[in-house]
Each structure stands twice: as structure tokens, then as C-alpha cells.
Amino acid sequence: MTITQEAKRKKTFPIEIEEGLHKALKFKAIESDMTLHAYIIEALNSWVREDFAVYAGKDDAQTSSTRDKP
């Protein structure tokens, strides 16, 4: 895959977060030796993978009761 094709597959969107959350994320990224962008992407990927595992292994009735994340 070329760089141009890879760039076309990515989406950008603005995100508005509270100053305190931004600061906390920035410090966690620094502690992890990552950029803030990379840290947020990794956190989102991890969260989605975790939820997918929950949904993939259970029926709808069980899944709805295990979804407590905002």
C-alpha cells in the first residue's frame, strides 16, 4: 500500500475535551513515551478491541448489561 492510499484510509475529526482531561492525557502520554495523538489512538483502539471481545462472545441480552462505559 502506498502512502497516498494509506492517507486516504484515515479520517480526521475535531475533538473538544476539558482542560483537565487534556492535561491528564498529556501526562499519561509522556509517561508512556508516546505523543498525545498516539496515546489517544492506542487508548481508543484498546477500548474498541475490548468491547468487540465482549460483543463477539455473548448474546444481546448479556451484552446490554455489561456495557457500562460512557
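The values are calculated or read from the model by the stated rules, or taken from the named source; none is laboratory data. Nothing here was measured: the structure is a model prediction, and the numbers come from that model. So basically every Cβ, Gly included, is an ideal-geometry build from the backbone, and we count neighbours across all protein chains shown.
Summary of computed values
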read-out: Sole residue being modelled with pLDDT of 65 or more and in a loop (DSSP other than H, G, I, E, B), chosen from K69, K26, K11; value: K11
read-out: Every pair of residues 6+ apart whose Cβ atoms lie under 9 Å, when the first sits in region 31-44 and is in a helix (DSSP H, G or I) while the second is surrounded by fewer than 10 Cβ atoms within 10 Å (Cβ to Cβ) and among the aliphatic types (A, V, I, L, M); value: I40/I15
read-out: Subset of region 39-58 that is surrounded by 10 or more Cβ atoms within 10 Å (Cβ to Cβ), of a type in the set (A, V, I, L, M, F, W, C) and out of contact with any helix residue (DSSP H, G or I) (no Cβ under 7 Å at 6 or more places or on another chain) - its residue that is farthest from T12 (Cα to Cα); value: A53
read-out: Single residue of T4, T35 found to be among the polar types (S, T, N, Q) and modelled with pLDDT under 95; value: T4
